[in-house]
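Each remark here refers to the structure printed beneath this line.
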Amino acid sequence: MGRKVLVLNQDFRALTVCSVHRAFLLVYMEKAELVSNAKNIYLRTVSTSFPAPSIIRLQDYVNIPYKGVVLSRQNIFKRDGHTCQYCGSKTVLTLDHVMPRSRGGQSSWENLTTACNRCNSKKGDLTPNEAQMPLKRKPFKPSFFMFLRDFSGHVDDEWLTYLGKAMKT
Ligand SMILES: [Zn+2]
């Protein structure tokens with residue numbers, strides 16, 4: 001997993017993360033400015049080394065609604081650590097509606113969980129209780145902070161100042 005750089009909107013709100021390569025490109029193209037370098041992390045080329053960027057800020061305001069983490073198949077797998085929440089298997093993963101759709105279960109963070117194909121068909125139209133298949137972890141809506149941390153594999157100390165604002169949304 002490559003190092004990630006925190007991208008701030010023009011108003012200094014945390015927007016997303018991007019690769020170091022993309023951060024350099026944005027700064028080079030003057031689409032963004034460097035806010036902070038990572039401490040004690042250097043990028044080396046053949047002849048020189050320079051500090052790795054940690055935070056950049058976009059020059060133009062990006063108007064996107066702050067709705068937090070997008071509900072998607074991949075993000076649910078990510079939240080659940082790519083692990084079946086019934087048996088712990090990591091192969092042939094699907095999405096399971098905890099309260100089955102046929103019984104009014106919604107497609108939401110709180111009702112979708114990662115399940116392997118086998119558990120999914122075994123559970124069928126039953127609730128975990130009825131199927132006697134307890135969930136390892138109750139599904140929940142991940143915070144932006146958690147998403148960034150899991151997605152980036154790290155959170156630089158410098159990020160916390162800006163993530164504070166995003167975490168409240
Ligand atoms: Zn399973």
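Return the residues of region 100-115 that are assigned to a loop (DSSP other than H, G, I, E, B) and under 26 Å from residue 144 (Cβ atoms); say none if nothing qualifies. Break it down stepwise before answering.
The initial filter retains those residues of region 100-115 that are assigned to a loop (DSSP other than H, G, I, E, B), namely 100, 104-111.
Within region 100-115, 105, 106, 107, 108, 109, 110, 111 qualify.
Scan region 48-58 residue by residue and report those that are open to solvent by 10 Å² or more (accessible area, probe 1.4 Å) and either within 16 Å of residue 17 (Cβ to Cβ) or modelled with pLDDT of 95 or more (or both).
Once the filter is applied, which keeps residues that are open to solvent by 10 Å² or more (accessible area, probe 1.4 Å) and either within 16 Å of residue 17 (Cβ to Cβ) or modelled with pLDDT of 95 or more (or both), region 48-58 yields 57, 58.
Kindly evaluate residue 62 against the criterion of being in contact (Cβ under 8 Å) with a residue 24 or more places away in the chain, in contact with a strand residue (DSSP E or B) (Cβ under 7 Å, 6 or more places away or on another chain) and buried (at least 16 other Cβ atoms within 10 Å of the Cβ).
Working: in contact (Cβ under 8 Å) with a residue 24 or more places away in the chain: yes; in contact with a strand residue (DSSP E or B) (Cβ under 7 Å, 6 or more places away or on another chain): yes; buried (at least 16 other Cβ atoms within 10 Å of the Cβ): no.
It is false that residue 62 is in contact (Cβ under 8 Å) with a residue 24 or more places away in the chain, in contact with a strand residue (DSSP E or B) (Cβ under 7 Å, 6 or more places away or on another chain) and buried (at least 16 other Cβ atoms within 10 Å of the Cβ).
Kindly list the number of the only condition in (1) farther than 20 Å from residue 53 by Cβ; (2) touching a helix residue (DSSP H, G or I) at 6+ places or on another chain (Cβ under 8 Å) that fails for residue 132.
So the condition that residue 132 fails would be (2).
Just to check your reading of the model, which residue among 125, 60 is closer than 30 Å to residue 10 by Cβ, touching a Lys or Arg at 6+ places or on another chain (Cβ under 9 Å) and more than 16 Å from the ligand (Cβ to nearest atom)? Can you show your working first?
Working: 125 fails: closer than 30 Å to residue 10 by Cβ.
Checking each option against the conditions leaves just 60.
Can you tell me which residue within region 105-137, out of those that are closer than 18 Å to residue 93 by Cβ and of a type in the set (D, E, K, R), is surrounded by the fewest Cβ atoms within 10 Å (Cβ to Cβ)?
Result: 137.
The values are calculated or read from the model by the stated rules, or taken from the named source; none is laboratory data. Here the structure is a predicted model, which is why all the values come from computation and not from measurement. Please note: Cβ atoms are built from the backbone with ideal geometry, for glycine as well, and neighbour counts cover all protein chains shown. Quick note on the areas: whole protein, heavy atoms, side chains included, nothing else; ligands and nucleic acids left out. Shrake-Rupley method; radii C 1.70, N 1.55, O 1.52, S 1.80 Å.
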